[in-house]
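The values are calculated or read from the model by the stated rules, or taken from the named source; none is laboratory data. This is a predicted model, so every value here is computed, not measured. Ideal geometry is used to build each Cβ from the backbone, glycine not excepted, and the neighbour counts take in all protein chains shown. SASA here: full protein model, heavy atoms, side chains in, ligands and nucleic acids out. Shrake-Rupley method; radii C 1.70, N 1.55, O 1.52, S 1.80 Å.
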Amino acid sequence: MERNLTKGSIFKNLILFSLPYLLSCFLQSFYGLADLFITGQFNGADSISAVSIGSQVTHMLTFVITGLSMGTTVTLARAIGSGDKRLMKRTIANTVVLFAVFSVVTTFILLFSLENIFTLLSTPAEAFRQAEDYLKICFLGIPFITAYNVISAVFRGMGDSNRPMYFIAAGGIINIILDFILIGPFQMGAAGAALATTISQACSVILALFSLRKIDLGIPLHRYDFLPRKTTLWQILQVGLPIALQEGLIQISFLIITAIANQRGVVVSASVGIVEKIISFLFLVPSAMMSSVSAIAAQNAGAGSHERGRKTLFYALGICLAFGLTVSGICQIWAAPILGLFSKGEPAVITMGSQYLKTYVFDCVFSGIQFCFSGYFCAYGRSYISFLQNVISVFLIRIPGAYFATVLFPDTLAPMGLASPAGSLFSAVLSILIYWKFHRYFTAPHAKKGLSETSSRFRKQTV
């Protein structure tokens, strides 16, 4: 079932790999989007605010898990490129162990931190109870979110981005049906939205596990493969941990911006929540390009075909720029109708949200550049570069920018919407400079040796 990404048309490989991944990400994000949309059809601003706040927290968690699982995708892709079957087996088995522990620990920590989360987010009093119900149910579903992303990372590392799309598509259909039933006739509000999401995610995992049992991976796993191996775990975490921290920081900055907005009342809270959900949906294209570049460039790095990895980066940059400029233009013209889809009968939410969307949407242009370079750095085990520049961006630009925009312009959300694009612009410029100065170092002879050193040490390990 492995797909060789080191041969054939570079552009075709990028499109054929990224499209299913994009659709998978779209469907996974569609859970929160559908929750918010259907909640807005049957409930008022308090329920909309509860779902938007709760879904932002779960969205952040999903991005962290996805970022961490990229360590599996890249390690597996390198092993395939170099033909190392043993590393493939150990990567898959140790990934299962790593994420099983992660999901259990994370579930308990978050369940016992609910009140602190809502306090940090300055959750409006009107939305507090429903937001609490939403997150309790979603946190209980963390093992399902983790399991789906782990299985998907394995498939993508082997060059298959189609099957994860099928699994999440089935879950998306179930989610919409349950949303209409639980939020509509059953009038469960935010709790109904969370329950629909959790059940649908469980269904996706069941389908994925059933599919794995029916597929011959060509690398039979044994019990001893599941023994934790320092070398294997280090390979996974070396790539995945900086990406997970990077995604976590970006999402935390979004949550802090949301907390700043929540202090201005439930209308602003609902407006910002809806726009954040729209932007997270638009960010799927840059995210798909980042993961596609990392998987394709990693396979080519393992095979020594570095020029193909570089060209993959350039094609992805062109796609992201075209997409970012297009959606930015669309939102300048149709911001109000877009907001109206999520807030029926709430004109104040539409007005404030439109102001925020028109400036915030430019983040899609600059983040697209940054994400593509992040995928390339990740393929060569340099994911810490993106992490460090995002730390600077978040704490020196995004958060301070949002705060001062709120203080200086209390009657509009437009200036506040510029904080995130400014942070992404900084990261994009820095990424270009780093690539221009150091990309030859990644593909130099000593760098190639570095890619295979871990694998060589791995082979020397005894069972």
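Is the shape of segment 236-283 rounded, prolate or oblate, going by the alpha carbon gyration tensor and its root eigenvalues a ≥ b ≥ c, with a/c under 1.5 for rounded and a/b larger than b/c for prolate?
oblate
Which aspartates and glutamates does K358 reach when only Cα atoms under 18 Å apart count, and residues fewer than 8 places away in its own chain are ignored?
Cross-link targets: E276, D411.
Which whole-Hz couplings ³J(HN,Hα) result when phi for each residue of segment 52-61 is put into the Karplus expression 6.51 cos²θ - 1.76 cosθ + 1.60, θ = phi - 60°, listed in order with x for Gly and Pro?
Whole-Hz 3J(HN,Hα) from phi for segment 52-61: 5, 5, x, 5, 5, 5, 5, 5, 4, 4.
Could the peptides 54-63, 202-211, 329-338, 136-145 be put in order, highest first, of the mean number of other beta-carbon atoms found within 10 Å of their residues?
In decreasing order of mean packing, 54-63, 202-211, 329-338, 136-145 become 54-63, 136-145, 202-211, 329-338.
Can you tell me which of 110-121, 359-370 comes out highest on packing, and rank the rest after it, using the mean Cβ neighbours within 10 Å?
359-370, 110-121
As an exercise, take the mean of 1/r over every pair of distinct alpha carbons in the chain, invert it, and state the Kirkwood radius in angstroms.
After inverting the mean inverse Cα-Cα distance, the result is 22.2 Å.
Roughly how far apart, in whole Å, are the Cα centres of segment 189-213 and segment 254-291?
Going from one Cα centre to the other spans 24 Å.
Please label the shape of segment 228-344 as rounded, prolate or oblate, based on the square roots a ≥ b ≥ c of the eigenvalues of the alpha-carbon gyration tensor (a/c under 1.5 means rounded; beyond that, a/b larger than b/c means prolate, else oblate).
Verdict is oblate for segment 228-344.
Given Cα pairs under 8 Å that are at least 6 residues apart, what percent is the relative contact order of the chain?
24 percent
On the accessible surface of segment 30-116, probed at 1.4 Å, how many percent belong to carbon and sulfur atoms?
On segment 30-116, the fraction of accessible area on carbon and sulfur atoms equals 69 percent.
How much accessible area does Y224 have with a 1.4 Å probe, in Å² rounded to the nearest 10?
Counting only protein heavy atoms, Y224 exposes about 90 Å² to solvent.
Which of the peptides 239-248, 160-169 is most tightly packed, and how do the rest follow, judged by the mean count of other Cβ atoms within 10 Å per residue?
Descending mean neighbour count gives 239-248, 160-169.
Each residue of segment 351-368 in order: what ³J(HN,Hα) in whole Hz does its phi give by Karplus 6.51 cos²θ - 1.76 cosθ + 1.60, θ = phi - 60°, with x for Gly and Pro?
5, 5, x, 5, 4, 5, 5, 4, 9, 5, 4, 5, 4, 5, 6, 6, 5, x
For segment 302-307, in order, what is each residue's ³J(HN,Hα) by Karplus, 6.51 cos²θ - 1.76 cosθ + 1.60 with θ = phi - 60°, in whole Hz (x at glycine and Pro)?
In residue order, the calculated couplings are x, 8, x, 9, 6, 5 Hz.
For segment 111-245, what's the relative contact order in percent, using C-alpha pairs closer than 8 Å and at least 6 residues apart?
Here the relative contact order equals 27 percent.
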